[in-house]
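Step one of this worksheet: look at the structure below.
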Amino acid sequence: MEMSKQFDVVVIGGGPGGYIAAIRAAQLGFNTACIDEWKNAKNGPAPGGTCTNVGCIPSKALLQSSEHYEHAGHAFAEHGIEVKGLGLNLGQMLARKDNVVKQNNEGILYLFKKNKVTFFHGRGSFVEGDANGYEIKVAGATEETISAKHIIVATGSNARELPGAPFDEKLILSNAGALAIDAVPAKLGVIGAGVIGLEMGSVWRRLGSEVSVLEALPTFLGAVDEQIAKEASKLFTKQGLKVSLGVKIGAITAGKSDVTVEYVDAAGAAQKAVFDKLIVSIGRIPNTIGLNAEGVGLQLDERGFIAVDGDCKTNLPNVWAVGDVVRGPMLAHKAEEEGVAVAERIAGQHGHVNFNTIPWVIYTSPEIAWVGKTEQQLKADGVAYKAGTFPFLANGRARALGDTSGMVKFLADAKTDEILGVHIVGPMASELISEAVVAMEFRASAEDIARICHAHPSLSEATKEAALAVDKRSLNF
Ligand code: FAD
Ligand code: NAI
């Protein structure tokens, strides 16, 4: 009988958690394999997971394209650029998005080769195992069994369905369908005003849809700093994004070419809305389908996530789990950090993920980005703090850009001045937040940022000014 292929480390899942873990494990000298089942349109391998195929990357490609379209339609005139005969070639826009995805898939396959990670295209599932090693079945074009001393599970997450309204990806869309609508819907419904709802709602609104977002909670972006969420809500409403809060969704009925959503609004009145397409973005659920977790006794928690400790160790010896399939924020960079930390722990090093300094970004226009505590959290925790804000309206670079919406907000400890949270709504917030992440990782004070020379004119001066504002001494406002 042919011996099964043996590896030191086998990673199941090739998303940002899995492929990065595999590369780091290989860098550390382990004979490493990564198994991923995602298929491209030609049934070929498409590693990169949700993030690369139907998440971070394609959504940002469409956000960029739709923003160009909106700017060409509205914003260029102010700069003295006259656009005549503006048209939308949605097919080309989607093809470009697909090409960006493909480049990323190919990039990961290249990185596997470069780092000598053996890639298997197919579904990986546990066959058997104990402290001495594990057997994993790989079911792809052919079936084979491989073995490993260490397993890293990075199987990600799937979109959550509403009961009674399964995704058909034609009328009722998950994130996958929302990124591939082939004609701009006149009326687009979105259930859930979270990250996906706002990003995808923005894309299709910019391209011409009338977008209505229905949200169960009574507050807009409850996890975001209240002042920032209020400012964002004002700006989105001005753009024409209609968000109804505090609704209770009832029956959803898919017709031939439209979807009817019955709901009770915040005032308690029964409502009925008809949409050409409906995006359901109400959160994601961990994916352990086909892994045969139960077969080897891999424990899940009560919400279906793989149960892990602070070091991403599962209940089974030498089995680890990272990314969306375990507790914590469902973010690509969180998955990557956990992947690196686990590979380093397997090598006997002290990999570490600092959950207090994981940045969040919502890629709307303006962008929303934050790190650390919100003002409402500090109040709830009884922490004495100082706050400083600076509006982009008073920033020269923002005026030159023609994008003066939003602000930077600093929250610092009242006694020690240590930065506790930084919140931004405004242009390039996704890039600006990095400075705050670095500062918080080094446990800097607001004064530290206030005393650092920032280039002029740049948006980052708003960060420095907000830090100065903590002690009520901003210079340009
Ligand atoms: P995944 O990326 O889900 O990868 C898991 C992989 O494992 C998949 O390829 C899957 O096919 C494979 N797999 C599963 N089971 C098996 C098996 N048994 N055998 C073999 N393969 C298997 N995060 C950000 O940080 N920034 C963003 O801008 C952002 N935008 C997003 C936009 C959208 C529309 C969505 C849906 C998500 C977005 N996210 C974003 C979240 C991000 O995509 C996830 O947090 C990230 O992909 C999690 O990585 P992961 O490696 O844990 O899992
Ligand atoms: P989400 O958790 O961000 O938002 C879901 C929203 O739906 C919440 O506001 C929730 O109150 C609401 N909701 C839940 N059930 C509902 C119901 N029955 N009726 C009406 N509203 C309901 O989840 P989302 O947008 O699906 O995204 C999933 C995850 O993917 C995000 O939490 C994030 O981790 C990740 N993501 C990250 C992005 C980024 O980093 N820029 C972009 C997109 C997704």
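Taken about its Cα centre, the chain carries a charge dipole of roughly 780 debye when the Cβ of each Lys and Arg holds +1 and the Cβ of each Asp and Glu holds -1. If you take the Cα centroid of segment 385-418 and the Cα centroid of segment 141-206, the two points sit 35 Å apart.
Against the chain, whose longest principal axis comes from its Cα atoms, helix 226-239 is set at around 80 degrees. Each residue of segment 113-125 is assigned a 3J(HN,Hα), and the resulting list reads 4, 4, 9, 6, 8, 7, 9, 10, 9, x, 8, x, 9 Hz, derived from the Karplus form 6.51 cos²θ - 1.76 cosθ + 1.60 (θ = phi - 60°), x at Gly and Pro.
Each residue of segment 193-204 is assigned a 3J(HN,Hα), and the resulting list reads 9, x, 5, 5, x, 6, 5, 6, x, 5, 4, 6 Hz, derived from the Karplus form 6.51 cos²θ - 1.76 cosθ + 1.60 (θ = phi - 60°), x at Gly and Pro. Whole-Hz Karplus values for segment 423-438 come out as 10, 10, 10, x, x, 6, 4, 4, 7, 5, 5, 4, 4, 5, 5, 4 Hz, taken residue by residue from phi with 6.51 cos²θ - 1.76 cosθ + 1.60 and θ = phi - 60°; glycine and proline positions read x.
Apply 1/(1 + (r/R0)^6) to the Cβ-Cβ distance of L393 and K116, taking R0 = 41 Å, and write down the FRET efficiency to the nearest 0.05. Walk me through the numbers before you get to the answer.
Working: r = 53 Å, r/R0 = 1.29.
The formula returns an efficiency of 0.20 here.
Extension gain, A183 to N40: 0.36 nm times the residue separation minus the Cα-Cα distance gives 49.3 nm. Cross-link partners of K230 among aspartates and glutamates, defined as those whose alpha carbon lies under 19 angstrom from its own and excluding same-chain residues fewer than eight positions apart: E199, E215, E367, E375, D403. Legend: distances between Cα atoms for K60/K464; K42/K102; K187/K242; K234/K386; K170/K238; K373/K464; pairs beyond 21 Å are K60/K464; K234/K386; K170/K238.
On the protein heavy atoms, probe 1.4 angstrom, tell me the percent of accessible surface of the chain carried by carbon and sulfur.
Details: 11640 of 22290 Å².
For the chain, the apolar C and S fraction of the accessible surface comes to 52 percent.
Dipole magnitude of segment 177-299 about its Cα centre, charges +1 at Lys/Arg Cβ and -1 at Asp/Glu Cβ only, in debye to the nearest 20?
Details: 12 positive and 12 negative charges, 62 e Å.
Computed about the Cα centre, the dipole is about 300 debye.
Taking every protein chain into account, the accessible area of the chain amounts to 47 square angstrom per residue (probe 1.4 Å).
The fraction of all Cα pairs in segment 160-282 landing in successive 5 Å bins from 0 to the largest distance is 2, 12, 23, 25, 20, 12, 4, 1, 0, given as whole percents.
The values are calculated or read from the model by the stated rules, or taken from the named source; none is laboratory data. This structure is a prediction, so every number in the text was calculated from the model and none was measured. Don't worry about glycine lacking a Cβ; one is built from the backbone with ideal geometry, like all the others, and counts go over all protein chains shown. To get the accessible areas, we keep the full protein, side chains included, count just its heavy atoms, and leave off ligands, DNA and RNA. Shrake-Rupley method; radii C 1.70, N 1.55, O 1.52, S 1.80 Å.
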